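Below is one structure; the comments refer to it alone.
Here, each number is a calculation from the coordinates, and none is a lab measurement. None of the values given here were measured: they were computed from a predicted structure. Using ideal geometry, Cβ is built from the backbone for each residue, glycine included, and neighbour counts are taken over all protein chains shown.
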Amino acid sequence: MTSPDSGLAGKVALVTGGSRGIGRAVVERLAGDGMDVVFFYRGNGAAAQETVAAVAAAGGKAEGLPVDVTDAAAVGAAVEKVIESRGRIDLLVNNAGIVRDNLLAMLDDADIRAVLDTNVGGVFNVTRAVVPHMISKRSGRIVNLSSVAGEKGGRGQSNYAASKGAINAFTKAMAVELASRKITVNCVAPGVIDTEMSQAVRELAGDEVTKRILLKRYGRAEDVAHAVWFLASRYADYITGEVLHVDGGFKME
Ligand code: NAD
């Protein structure tokens with residue numbers, strides 16, 4: 001799907017975790033509107049190549065770089081590479097994230113640290129590397145992937161909920177800090193989306209979760225990608241510091 005009047009054609013996007021799930025849908029949506037998209041992925045080179053091939057088959061431009069967002073030095077070097085080759089980054093989508101669900105007493109240090117290091121530390125690493133380049137252009141968009149879990153309590157999700165609540169707070173603080181530089185910062189907070197990340201939860205919960213979603217279905221990665229696209233587009237020029245839920249009404253049940 002393309003929207004030639006979105007104002008995105010020819011601009012450069014950096015998407016973290018673009019090899020599968022929501023990140024892949026975001027890469028495809030943005031490239032479909034003519035953006036030159038670079039994405040980071042952690043381990044799965046084959047999935048990254050599939051994303052690049054799907055974008056190319058649709059006539060778009062995307063490149064995948066194997067960069068772990070928890071590695072600040074690797075992130076810094078990769079962002080410099082993108083700036084050297086493209087000259088700018090107009091849009092940053094902080095999408096990479098993980099879950100390690102368990103009741104608090106059963107969570108070991110590694111489960112807590114991995115989730116906070118990736119979902120919060122990773123967002124700091126990438127945003128800190130990209131923002132100076134946006135400031136120098138006096139323009140930019142940042143869209144962070146939060147979660148309904150950032151506001152709605154969920155059993156076995158203390159580490160994940162804490163990480164996403166932090167992202168909501170980070171988004172608002174950055175919106176204040178960067179507004180004078182004409183950079184907007186917003187969040188998309190998905191509910192339960194049909195990706196590999198939520199597979200275990202969906203299998204365990206059966207119909208129980210869909211019953212509690214007002215629209216009675218899981219979300220699709222594309223549902224989330226449309227919201228990211230909107231916040232990146234010129235239609236969201238006057239929106240900053242917001243958390244846009246894409247959850248079929250899940251947070252209200
Ligand atoms: P996913 O597990 O399908 O994909 C996650 C992506 O992040 C993968 O491409 C993975 O390689 C990448 N990634 C993970 N750790 C990384 C690291 N250290 N460095 C670089 N890349 C890394 O997950 P998804 O469902 O597509 O989720 C994407 C985002 O949306 C996450 O931030 C997640 O918390 C959020 N979210 C998902 C759901 C859901 O139901 N699926 C709900 C709410 C929020």
Binning at 10 angstrom from zero up to the longest distance, how are the C-alpha pair distances of the stretch 168-253 distributed in percent? 17, 40, 27, 14, 2
Taking R0 as 30 Å, what's the FRET efficiency between D194 and A58 from their Cβ-Cβ distance, rounded to 0.05? 0.90
Bin all alpha-carbon pair distances of the stretch 1-86 at 5 Å intervals from 0 and give each bin's fraction as a whole percent. 3, 17, 27, 23, 18, 8, 3, 0
Rough spin-label spacing in nm, given labels placed 7 Å along Cα→Cβ, for R220 and A169: 3.7
For a quick check of your reading of the filter: which chymotrypsin sites (Phe, Trp or Tyr not before Pro) in the stretch 148-253 sit in a DSSP loop and have no more than 11 other Cβ atoms within 10 Å? Y238
So the FRET efficiency between R155 and A77, C-beta based with R0 = 51 Å and rounded to 0.05, is 0.80
Please give me the summed charge of the neighbours of T210: other residues whose Cβ is under 14 Å from its Cβ, Lys and Arg +1, Asp and Glu -1. 0
Cα centroid separation - the stretch 27-50 against the stretch 166-182, whole Å: 26
Work out the P(r) tail for the stretch 107-253: percent of alpha carbon pairs separated by more than 25 Å, whole number. 31
Quick one: length gained pulling L204 to M252 fully straight, 0.36 nm per residue minus the C-alpha distance? 15.1 nm
Proximal lysine pairs, the chain, alpha carbons under 20 Å, eight or more residues apart or interchain: 18
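I need the Kirkwood Rh of the chain: take the reciprocal of the average 1/r across all distinct C-alpha pairs and report it in angstrom. Walk me through the numbers before you get to the answer.
Details: mean 1/r = 0.0551 Å⁻¹.
By the Kirkwood definition, the hydrodynamic radius is 18.2 Å.
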Measuring from label point to label point, each 7 Å out along Cα→Cβ, what is the K137 to R86 span in nm? 0.8
GluC sites (Glu not before Pro) within the stretch 112-204: which are DSSP loop residues with at most 11 other Cβ atoms inside 10 Å? E196
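Only helices at least 27 Å long along their own axis, judged from Cα atoms, and with Kyte-Doolittle mean hydropathy of -0.5 or greater: name those in the chain from DSSP H. All intermediate terms of the calculation are to be shown ahead of the outcome.
On the way: long enough: 158-178 (29 Å, 0.27).
Membrane-span-like by this rule: 158-178.
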